[in-house]
Amino acid sequence: MNSDSMPLNTGARFELRFQSLFDEGRAYAFPCDAAGCVDMDSLSERARSNYLYARTVVGREFRMPAVQPASLH
C-alpha cells in the first residue's frame, strides 16, 4: 500500500485515515484519539499541511475520514 502516513507520536493507538476516492493505494493517516481528534500542535509542518489539505478536499479527492486502530510502521 502506498500511503502517506505520518509517524505516530507517543502512545497514539488510533489514526484518522483519509482514503483516496480514486486510488485505493493512496491515503493520508494522522495520529488521533479514539474520537478522531488530531493534536495539530504535535504534527510536523508538512504533516499539518497534509492534514489541512485532506480535510479540505473530502468528497472531491478523499473519502470521509475514518478512525481506526493505528497500524504499525
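The values are calculated or read from the model by the stated rules, or taken from the named source; none is laboratory data. What you see is a predicted model, and the numbers here were worked out from it, not measured in a lab. With ideal geometry, Cβ positions are generated from the backbone for all residues, glycine too; neighbour counts draw on all protein chains shown.
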Residue within the range 63-73 that is surrounded by fewer than 11 Cβ atoms within 10 Å (Cβ to Cβ), of a type in the set (D, E, K, R) and at pLDDT 95 or above present
no
Being surrounded by fewer than 16 Cβ atoms within 10 Å (Cβ to Cβ) and touching a strand residue (DSSP E or B) at 6+ places or on another chain (Cβ under 8 Å) is the filter here, so list the residues in the range 15-52 that pass it.
LEU21, ASP33, ALA34, ALA35, GLY36, ASP39, SER42
